Amino acid sequence: MLKMIKEKFNSGMGRDVIWTFSLQILIMLCSFAINKLLASRLSIDDFGQYNVIKRSVQVLSFVMLAGVGIALPRYIPLYRNGTPPRRIAPLLMASIIYIIGVSIVVFAVCLIFSSQMQEIVIGQSENMSLLLVALAYAFILAMAQYAFAYYRGIGHFKWFNGSQLAMQLAIIVPLVLLPVLTVSNVFVSWLIITFLLVVYYLGRELWQKRSQLFRFTFSPSRLTPHLLTIVKYSSGRLVADFFQFSLAAFPLIYISNVMGLQDTAYFSIGITFVTMITPLFSFMGILLLPYVSKAIAKNEMKSANRLIQHLLLIYVGSALFFIVVLYIFTEFMTTLLFSSDYVVTTDLTRIMALAILPQAAYMLYRNTIDAVSVIPYNAIILGICILAMVISFMLSTTLTQFAWAYFGVSLLQGLLSLITWHAIKKKACQN
């Protein structure tokens, strides 16, 4: 196993792993800094509302992204490594058209049902301006994810990770410089900063392919097959993305409506710890989707499967390490990264930290499942999990019960992804 891993690290993929892991660590540290600044400068109620809006925006942005974040890293390698190779420009244009179409529908639904959506998205009524800011920010984040997916698909992992790090560093600036920090001016400043960065990233890439994009934009007959490819594959992933981020957003939205913003802020500490650590496990998934897609195109699936088996052992060991460290130093890390006002959440955080292990397993398998199968198995897995979460939360009455319900759903998520991978990998290896 060590020999195989050493060979991979000495290859081009190995350099991508090192680069991705290093910058994802820095992105995680930026996330720590952002939460520390917000927890220190906002009141407990405002911090609770911030977390509700943040999770809601994540859900909306990935609905607007419409599964393209998974489709591009899969189909770009298939297009470029197929026999014969195919141009990716029509794929990029079809993806943009699809994102814009879905985003228009999302905006329309949110505006038609604005009173209900204000309660869900921002945790309060009669604040239409903040809802509009949240919707605009969600769309800009969707376009940012489109750019990241493109970099990931073409294998430019320095740009993939570097652009994300630049965005994280940029949104820290207003948290330091603004004399007065409110939930509203946080998201307005982030909207402006992210918009400018997205214009730069997308403008840079699309300008290089302007001649090809121009031809396909005004040739519907040539663009239609690529649009159908994106819609067919992405539609199931759209549902999966919605479910995935609903798993993160639903607990806070539900608790804010049932128990209030203060309890929401307390519960958000545990979720924040989990969501700051689990991206470290997603970094290999970032590489595995285009890697496995390329392996499929070259009939090298057995080799890819062996790598995944070995990575599972590393993931399990790393997840257990983080759980133990977080369990021992919960109070210290809560004070360091948030505020001493949140030390009362220690027991909740320790329960929710157990979710790191099954979520790590899901992070490993979700991209390999999407690479192997057009059928949206992840949407099915996440649909079952969100149903389980809704039922378990409705049966819970205390924050401790909510925390155990959160862990239980994460455990179900990890087990279902493991079972699904073992069920579909045999067919993939035979082909």
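Figures for the structure shown
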read-out: Accessible surface of the chain, 1.4 Å probe, proportion on carbon and sulfur as whole %; value: 68 percent
read-out: Longest site-free stretch - the chain; sites: chymotrypsin sites (Phe, Trp or Tyr not before Pro), DSSP loop, at most 16 other Cβ within 10 Å; value: 1-112
read-out: Given the chain, longest segment not containing exposed loop trypsin sites (Lys or Arg not before Pro) (DSSP; at most 16 other Cβ within 10 Å); value: 299-431
read-out: Proximal charge balance of S256 [Cβ under 11 Å; K/R count +1, D/E count -1]; value: -2
read-out: Whole-number accessible area per residue in Å² for segment 71-173, which is evaluated in the context of all protein chains at 1.4 Å; value: 40 Å²
read-out: Among I419, I253, I99, residue whose mean-square fluctuation peaks in a GNM of the chain (springs only between Cα atoms under 10 Å); value: I419
read-out: Extension gain (nm, one decimal) between V343 and I419, 0.36 nm per residue minus Cα-Cα; value: 23.6 nm
read-out: Extended-chain gain in nm, criterion 0.36 nm per residue less alpha-carbon gap, K158 and V173; value: 3.1 nm
read-out: Mean residue ellipticity (222 nm) of the chain, computed from DSSP H runs ≥ 4 via -39,500 (n - 2.57), nearest 500; value: -30000 deg cm²/dmol
read-out: Inter-label distance for L313 and S129, nm, one decimal - labels placed 7 Å from Cα along Cα-to-Cβ; value: 5.9 nm
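The values are calculated or read from the model by the stated rules, or taken from the named source; none is laboratory data. This one's a predicted model, so the numbers in the text were calculated from it and none came from an experiment. Every residue, glycine as well, gets a Cβ built from its backbone with ideal geometry; the counts of neighbours run over all protein chains shown. With ligands, DNA and RNA removed, areas are computed over all heavy atoms of the protein, side chains included. Shrake-Rupley method; radii C 1.70, N 1.55, O 1.52, S 1.80 Å.
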